[in-house]
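Q: Before anything else, here's the structure in question.
Computed from the coordinates by the stated procedures, all read-outs in this text should not be read as laboratory data. All figures in this text were calculated on a predicted structure; none of them were measured in a lab. Cβ placement follows ideal geometry from the backbone for every residue including glycine, while neighbour counts extend to all protein chains displayed.
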Amino acid sequence: MTLQTGERSLEERMGDLLQVTEYRKMNSVEDRYLAYRLRHEAYLREGYIAEDPDGVSTDFADDLANTETYGVFIAGRLSSTLRLSIATLECPGSPAMLDNSDVLLPKLEQGLVLIDPGRFACDQIAANDFPELPYLTLRIAAMACEHYSADECLSFCRPAHQAFYRRVFRSKPIAEKSRYEVLNMDIQLLSTTVQVIRDDVARRYPFFRSTYLERRALFGPASLVPGIEDERMNKVAA
């Protein structure tokens, strides 16, 4: 299934894609294997990792209490995957925290909630068929920002990918470049405020908007994440 771009706008094409897209929390053993295998294929293709005998790619963050992996299914086929860590002072673990705790911990100590998306991987055929796939996948992060009433959304990305996050999310570097040994790449931490995503990004890209019911169905109760207090969540449901 390939959508012809032609003269149609990104918003129109995204509208069509969303009609045939399912977002799924990869809870089952079978689903998690699919996501880890897709990661392995994508990262091996790019030279980020050595081949794993089991054909999967995982790391410490997959088992964190504040972290979940999600799949994007287009017409029933797993097309991409994204992992989200919801960092709070009570549960601060996340990949971005590894080398940037000096920058991020003070934010958590101020009571901020940070969304740390990562492990973005795409099926090669789907990426070729759907150039909109990065937007479709990162919509999960925008939804999480609203669902958890977060304060900032991080982007822990390669310098080559910074232009996308700067343009789409207005993200800015908040730390120096470093070597991310988990994936054998140079990486830099960027951040944007959720207020920017809510006001500016959603205005330019309306498809990032979502309903409370859609978010609740995907993420479940926000209170399951340690450190998400009732007062913060009351603002979301209001």
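Q: If I model a spin label as a point 7 Å beyond the Cα along the Cα-Cβ vector, how far apart are those points for residue 75 and residue 103 in nm?
A: Between residue 75 and residue 103, the label points sit 4.0 nm apart.
Q: May I pose another question? Using a basic spin-label model with each label point 7 Å from the Cα along Cα→Cβ, how many nm lie between residue 172 and residue 211?
A: Distance between the two pseudo-spin positions: 3.6 nm.
Q: Also: Can you tell me the equivalent ellipsoid semi-axes for the range 104-238? Use √(5λ) from the Cα gyration tensor, largest first, whole Å.
A: They are 24, 20, 14 Å, listed from largest to smallest.
Q: Dipole size in debye (nearest 20) for the chain around its Cα centre, Lys and Arg Cβ +1, Asp and Glu Cβ -1?
A: Value, rounded to 20: 700 debye.
Q: Quick one, can you get me the convex hull of the C-alpha atoms of the range 171-228 expressed as volume per residue in Å³?
A: So the per-residue Cα hull volume is 163 Å³.
Q: Per 5 Å bin from zero, what fraction in whole % of the C-alpha pairs of the range 62-162 is there, up to the bin with the longest pair?
A: Here the calculated profile for the range 62-162 is 2, 12, 23, 22, 18, 11, 7, 3, 1.
Q: Here's a follow-up. Pairs of Cα atoms under 8 Å, at least six residues apart: use those to get the relative contact order of the chain, whole percent.
A: Value for the chain: 19 percent.
Q: Could you work out Rg/(2.2 N^0.38 Å) for the range 23-100, with Rg from alpha carbons only?
A: 1.16
Q: The range 34-78 to the range 154-181: how many Å between their Cα centroids?
A: Using only Cα atoms, the two centres lie 20 Å from each other.
Q: What translational D, rounded to a whole number of µm²/s, comes out for the chain from Stokes-Einstein when the hydrodynamic radius is the Kirkwood one over Cα pairs, at 4 °C and 1.567 mPa s?
A: 71
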